[in-house]
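A quick write-up on the structure given underneath.
The values are calculated or read from the model by the stated rules, or taken from the named source; none is laboratory data. A quick note: this is a predicted structure, and the numbers were derived from the prediction, not measured. Methodologically, a virtual Cβ is constructed for each residue, glycine included, from the backbone with ideal geometry; neighbour enumeration extends over all protein chains shown. Quick note on the areas: whole protein, heavy atoms, side chains included, nothing else; ligands and nucleic acids left out. Shrake-Rupley method; radii C 1.70, N 1.55, O 1.52, S 1.80 Å.
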Amino acid sequence: MSAWKVMIVDDHPLMRRGIGQLLSFENEFDVIGEASNGNEAIALAHKIPVDLILLDLNMKGMSGLDTLITLRNEGIDACIVILTVSDNHADIKTLIDAGAYGYLLKDTEPDELIGLLKTALTGGKAYSEVVTAFLTNNSTDNTLFSTLTDRENQILQEVAKGHTNRVIAESLFISEATVKVHMKSLLRKLQVKSRTAATVLYLQTLGY
């Protein structure tokens, strides 16, 4: 088969060169373009059809997220994999939700990186180990939260703000006893034993 055409987008020349050299050792990859920022990447993607775009997240000017969103909005359907130093949960969730096929950390071992890129290009997903762990846990958390009623979600949000049962009762126009009943129920559903643990779990789903 013909080699996959690759574009590398990173504002550090040394990083672009290093990744390019790594991919050059593999017959399956053909690096046909480089870009140092989002605007260059978008322009190049319209000029030269590419199969894979390796996209840095934190760049000067247009961010990796804005670049990804623009590429998707403008009909670029290449396999876009984020390659970054950020393992921030909010970044991971946001980029994947925006249409990234993969999220890899720059400290990924070279052989592993190559293997994951091939996986992404053949219909799979390219995630570093810590990313996979977060997505697995986040999926489990979301399943737990989906069992909460609207009222339980309201109370949990108030708890996360540090409000007492009395304050919550007043703000929601219900009795303090009712708040306690809902608290007991939501703790059971979330499989935690305290309001502090529930708050931590809730904040984790928000990327904190």
### Residue list for the stretch 63-101, filter: closer than 15 Å to residue 132 by Cβ and buried (at least 22 other Cβ atoms within 10 Å of the Cβ)
81, 82, 92, 95, 100
### Task
Return the pairs, sorted by first residue and then second, in which the second residue is at pLDDT below 90 and of a type in the set (S, T, N, Q), the first residue lies in the stretch 141-157 and is over 15 Å from residue 181 (Cβ atoms), the beta carbons are less than 8 Å apart, and the residues are 6+ apart or on different chains.
141/204; 141/205; 142/205; 144/191; 145/153; 145/205
### Task
Output the residue which, of all residues in the stretch 137-156 that are of a type in the set (D, E, K, R) and modelled with pLDDT under 90, is farthest from residue 29 (Cα to Cα).
150
### Task
Return the total of residues in the stretch 181-208 being part of a loop (DSSP other than H, G, I, E, B), touching an Asp or Glu at 6+ places or on another chain (Cβ under 9 Å) and among the hydrophobic types (A, V, I, L, M, F, W, C).
0
### Task
Check 37, 27 and return the single one that is over 16 Å from residue 83 (Cβ atoms) and touching a residue at least 12 places away in the same chain (Cβ under 8 Å).
27
### Task
Examine the stretch 28-50 for a residue that is open to solvent by 80 Å² or more (accessible area, probe 1.4 Å) and in contact with a strand residue (DSSP E or B) (Cβ under 6 Å, 6 or more places away or on another chain), and state whether such a residue exists.
yes
### Task
Kindly indicate the residue of the stretch 158-208 that is free of Cβ contacts under 8 Å to residues at least 60 places away in the same chain and aromatic (Phe, Trp, Tyr) and also surrounded by the fewest Cβ atoms within 10 Å (Cβ to Cβ) among those meeting that condition.
173
### Query
For residues in the stretch 102-136 being open to solvent by 70 Å² or more (accessible area, probe 1.4 Å) and either in a loop (DSSP other than H, G, I, E, B) or touching a residue at least 40 places away in the same chain (Cβ under 8 Å) (or both), which is farthest from residue 27 (Cα to Cα)?
130
